[in-house]
1. If we keep just the residues of segment 10-34 that are among the polar types (S, T, N, Q) and surrounded by 15 or more Cβ atoms within 10 Å (Cβ to Cβ), which is nearest to Asn100 (Cα to Cα)?
2. Say we look at segment 81-111 and pick out the residues that are assigned to a strand (DSSP E or B) and open to solvent by 40 Å² or more (accessible area, probe 1.4 Å); which of these is nearest to Gly27 (Cα to Cα)?
3. When the residues of segment 103-122 are narrowed to those that are among the charged types (D, E, K, R) and at pLDDT below 90, which ends up nearest to the chain's Cα centre (by Cα)?
4. Can you find, within segment 158-184, the residue that is modelled with the lowest pLDDT among those that are within 24 Å of Cys223 (Cα to Cα) and open to solvent by less than 50 Å² (accessible area, probe 1.4 Å)?
5. Mind checking which residues of segment 306-315 are out of contact with any strand residue (DSSP E or B) (no Cβ under 7 Å at 6 or more places or on another chain) and in contact (Cβ under 8 Å) with a residue 12 or more places away in the chain?
6. Across segment 300-310, what is the number of residues that are open to solvent by 20 Å² or more (accessible area, probe 1.4 Å), part of a helix (DSSP H, G or I) and farther than 15 Å from Val250 by Cα?
7. Which of the residues belonging to segment 241-257 are closer than 14 Å to Ile190 by Cα and at pLDDT 85 or above?
8. Do you know which of the residues in segment 124-152 that are open to solvent by 40 Å² or more (accessible area, probe 1.4 Å) and not in a loop (DSSP other than H, G, I, E, B) is modelled with the lowest pLDDT?
Amino acid sequence: AELTIGDVCRLKGQERNTLHGLGIVVGLNGTGDESLPLTTKNLTRAMQLMGAPIHNQLDGSLPIGDIEHKNAAMVWVRAEVPPQGVRQGDELDCTVSAINAKSLEGGTLMLTHLIGPRPAPRPELATVYAIAQGKVTIEAIDTPTGGRVVGGCRLEQSIHNSFVKDGKITLVIDKHHADFAMASDIAEVINDLPDFTETASGDTVIAARAIDQVSVEVRIPECYANEPVYCAMLILRERLHHMPDQSRVVINEETGVITVGADVEIGATAVSHRNMTIEVGNGFLASQFVGMDSEANTSVEKLKALVDVLKSLNVSAEDMIAIIRNLEAQGAIYGEVVYQ
């Protein structure tokens, strides 16, 4: 299948953002903070600095009220804003993480102000982008100190992620595809589009140029000056001339899933792991289990073939990951190894 530019790129300015704040979860069944008064005193100041409208009473006390010991907890609240931005009134999920509590099960998040990732120089200058509140749902039974408030974050300010600057669009290539060849290919595809290489006066110009292996800068043609969204759509749906090679290995250490690109080659080397000795060289693999009458000799030039042989020998995913790590450390894998 052919790839489009949109499959490997995003528009600069269209990034995810986070909103955050400190709040209080109440309604806990004795699993809250061990020392709530001290926690409240210390963290209320932090809430003030983050923009929450909390002020001391005339007698110096805090206007939070009397909260039953261990039935409340201070929490860190976080909401993720999608790349396309959000509008006032939109509702997002937010995550809640306990600071000292043993469990947030059965709790309810009190009204919490969320600000942007960059704190204001003074509390009174902080912009409250959203307000979060609602019932906390525990998603992982083995981690009751964290939960989610579904649709509990309501936007008070619109967040626009602009993608046009000075009449130009910048394409940012995904980190798994970023290289000089990919950047050059993308620029070439865009410059082959007739509307992008000719001005209203008929002059020929270069619309796209690769800045580096990650970024491609594109000048918006005069005919699309008032239609940047349509222009971006045309660019992102263009097909690439060449498929990138699949010289990449992706390893998920938590699940044990190993994904090997068809073009990943291996060089001559030997690896010893537990009760196995594995030798690879000149397209030939020999593996021997120490103390066992089990030996395999197979023609191997690609890492995928090696993984298939190891599977046939009932080598565990954990051992295969360890073997790939050793091969990578010796420089015997001709490709990128990505650990997740």
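1. The initial filter retains those residues of segment 10-34 that are among the polar types (S, T, N, Q), namely 14, 17-18, 29, 31.
Restricting the remaining residues to those that are surrounded by 15 or more Cβ atoms within 10 Å (Cβ to Cβ) gives 14, 17, 31.
On the way: Gln14: 35, Asn17: 26, Thr31: 10 Å.
Filtering first and then ranking leaves Thr31.
2. Of all residues in segment 81-111, those assigned to a strand (DSSP E or B) come to 81, 86, 91-98, 108-111.
Imposing the further condition that a residue be open to solvent by 40 Å² or more (accessible area, probe 1.4 Å) reduces the set to 91, 93, 95, 97, 108, 110-111.
Numbers: Glu91: 23, Asp93: 20, Thr95: 17, Ser97: 15, Thr108: 6, Met110: 10, Leu111: 14 Å.
That would be Thr108.
3. Residues of segment 103-122 among the charged types (D, E, K, R): 105, 118, 122.
This time we only want the ones that are at pLDDT below 90, so: 118, 122.
On the way: Arg118: 19, Arg122: 30 Å.
My answer is Arg118.
4. Taking segment 158-184 as the starting set, the residues that turn out to be within 24 Å of Cys223 (Cα to Cα) are 161-172.
When the remaining residues are screened for being open to solvent by less than 50 Å² (accessible area, probe 1.4 Å), the result is 161, 163, 167, 169-172.
Details: Asn161: 83, Phe163: 89, Gly167: 90, Ile169: 92, Thr170: 94, Leu171: 94, Val172: 94.
Applying the filter and picking the extreme gives Asn161.
5. First, the residues of segment 306-315 that are out of contact with any strand residue (DSSP E or B) (no Cβ under 7 Å at 6 or more places or on another chain): 308, 310-312, 314-315.
Answer for segment 306-315, where residues must be out of contact with any strand residue (DSSP E or B) (no Cβ under 7 Å at 6 or more places or on another chain) and in contact (Cβ under 8 Å) with a residue 12 or more places away in the chain: Leu310, Ser312, Val315.
6. So in segment 300-310, the residues open to solvent by 20 Å² or more (accessible area, probe 1.4 Å) come out as 301-302, 304-305, 308.
Next, only the ones that are part of a helix (DSSP H, G or I) stay: 304-305, 308.
Filter once more, so that each one left must be farther than 15 Å from Val250 by Cα: 305, 308.
Of the residues in segment 300-310, 2 are open to solvent by 20 Å² or more (accessible area, probe 1.4 Å), part of a helix (DSSP H, G or I) and farther than 15 Å from Val250 by Cα.
7. None - no residue of segment 241-257 is closer than 14 Å to Ile190 by Cα and at pLDDT 85 or above, so the list stays empty.
8. Per the stated criteria, the residue is Glu124.
The values are calculated or read from the model by the stated rules, or taken from the named source; none is laboratory data. Quick caveat: nothing in here was measured; it's all calculated off a predicted structure. In this analysis, Cβ positions are derived from the backbone assuming ideal geometry, glycine residues included, and neighbour counts consider all displayed protein chains. Accessible surface areas use protein heavy atoms only, side chains included; no ligands, DNA or RNA. Shrake-Rupley method; radii C 1.70, N 1.55, O 1.52, S 1.80 Å.
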